[in-house]
Amino acid sequence: MIDILLPAFIAGMLVLASHIPLGRQVLARGIIFIDLAVAQAAATGLLAVRHFAHVESDWLLQLVAIATALGFALLLHQLEKLGHRVQEALIGATFVVLASASVLMLANDPHGGEHLSASLAGQILWVDTPQLLGLGASAIAALAAMALFRHPLLAFYLPFAIAITASVQAVGVYLVFASLIFPALSAWHNQRPLLIAGAVGIAGYLSGLAASLWLDWPSGPAIVTTLAVAAILATVTRVIAARR
């Protein structure tokens with residue numbers, strides 16, 4: 001089992017490397033559902049190309065996912081001008097429309113349910129070397145952009161689209177959201193946020209993979225659940241320690 005669990009754990013660590021700092025920016029900007037929307041945009045773009053153009057080339061599919069995510073990220077950047085409340089509402093509405101479009105595209109596909117489940121819950125146990133390399137490259141590119149640039153388009157939306165594009169294909173929409181929000185949220189008021197968020201993320205992935213192995217649970221939902229539990233435990237521990 002180690003030959004399956006180890007690549008999955010490495011994939012999780014590569015996802016966390018970019019998603020923890022991006023998650024902190026998401027919380028600071030107050031646009032919580034942006035990750036779901038961008039992840040769904042990338043997933044819908046992939047499904048559309050496979051469904052209508054019958055494209056199976058990994059490189060071409062990757063380019064389509066990147067282009068879709070970047071275009072959507074640029075649109076969200078422009079929506080900032082409308083104000084935070086309107087932007088958040090439009091982000092949520094767009095996610096619902098894109099998710100519904102994915103369901104409609106797969107309605108007559110005999111394997112549609114499998115494709116939809118894979119895009120949402122992911123297949124982290126089956127990540128391969130090219131996916132791990134893609135996750136590593138996207139994490140490096142995203143972290144470099146956040147370190148080098150100051151303009152929101154280049155320091156947030158660009159790295160966000162790059163990181164989401166790779167991660168949604170490897171771990172699915174749900175786990176992308178959990179990796180962005182739960183660790184960052186658990187460490188929001190902590191003096192060592194990156195350390196705490198990293199610990200929560202590692203604990204969540206380890207526990208989720210272990211539960212998936214021992215209880216025969218789907219790996220993606222199992223990790224989402226254990227990430228949430230780890231975040232709650234970290235928050236409760238912080239609150240108790242602060243009251244002493």
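The values are calculated or read from the model by the stated rules, or taken from the named source; none is laboratory data. Please read these numbers as outputs of a predicted model, since none were measured by experiment. Here the Cβ positions follow ideal geometry from the backbone for every residue, glycine too, while neighbour counts run over all protein chains shown. Just the protein is used for accessible areas: all its heavy atoms, side chains included, with ligands, DNA and RNA removed. Shrake-Rupley method; radii C 1.70, N 1.55, O 1.52, S 1.80 Å.
Tell me the Kirkwood hydrodynamic radius of the chain in angstroms, computed as one over the mean inverse distance between distinct C-alpha pairs. It would help to have the intermediate numbers written out before the result.
On the way: mean 1/r = 0.0551 Å⁻¹.
About 18.1 Å for the chain.
Give me the number: length gained by fully extending ASN190 to GLN62, i.e. 0.36 nm times residue separation minus the C-alpha to C-alpha distance, one decimal in nm. Intermediate values should be presented prior to the final figure.
Numbers: separation 128, 0.36 × 128 = 46.08 nm, distance 3.69 nm.
This chain segment gains 42.4 nm when fully extended.
Evaluate E = 1/(1 + (r/R0)^6) for SER100 and LEU148, where r is the Cβ-Cβ distance and R0 equals 51 Å; express this FRET efficiency to the nearest 0.05.
Taking R0 as 51 Å, the efficiency between SER100 and LEU148 is 0.85.
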(message) Could you tell me the extents of the stretch 1-102's C-alpha atoms along the three principal axes, largest first, rounded to whole Å?
(response) 48, 35, 21
(message) I want to verify the translational diffusion coefficient of the stretch 129-179 in µm²/s; compute it with Stokes-Einstein, Rh as the Kirkwood radius over Cα pairs, at 20 °C and 1.002 mPa s.
(response) 193 µm²/s
(request) For the stretch 55-163, state what percent of all Cα-Cα pairs lands in each successive 10 Å bin, counting from 0 Å until the bin that includes the largest distance. (result) 12, 34, 37, 16, 1
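With the full set of protein chains in place, find how many percent of the accessible area of the chain is carbon and sulfur; take the probe as 1.4 Å.
That share works out to 70 percent.
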(request) Give the accessible area for GLU80 in Å² (nearest 10); use a 1.4 Å probe, count only protein heavy atoms, and leave out ligands, DNA and RNA. (result) 70 Å²
(request) Give the residue from GLN123, THR226, VAL200 lying farthest towards the positive end of the charge dipole for the stretch 105-244; charges sit on Cβ (+1 for Lys and Arg, -1 for Asp and Glu) and the dipole is referred to the Cα centre. (result) VAL200
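Per DSSP H run of n ≥ 4, the term is -39500 (n - 2.57); total these for the chain, divide by its residue number, and report the mean residue ellipticity at 222 nm rounded to 500 deg cm²/dmol.
So the helix-based figure for the chain works out to -27000 deg cm²/dmol.
For ALA155, what is the net charge nearby, where nearby means another residue's Cβ is under 15 Å from its Cβ and Lys, Arg count +1, Asp, Glu -1?
Details: positive: ARG24, ARG29, ARG150; negative: GLU80.
Result for the neighbourhood of ALA155: +2.
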(request) Return the single residue from GLN191, GLN25, GLN40 with maximal mean-square fluctuation; model: Gaussian network over the chain, springs between Cα atoms under 10 Å. (result) GLN191
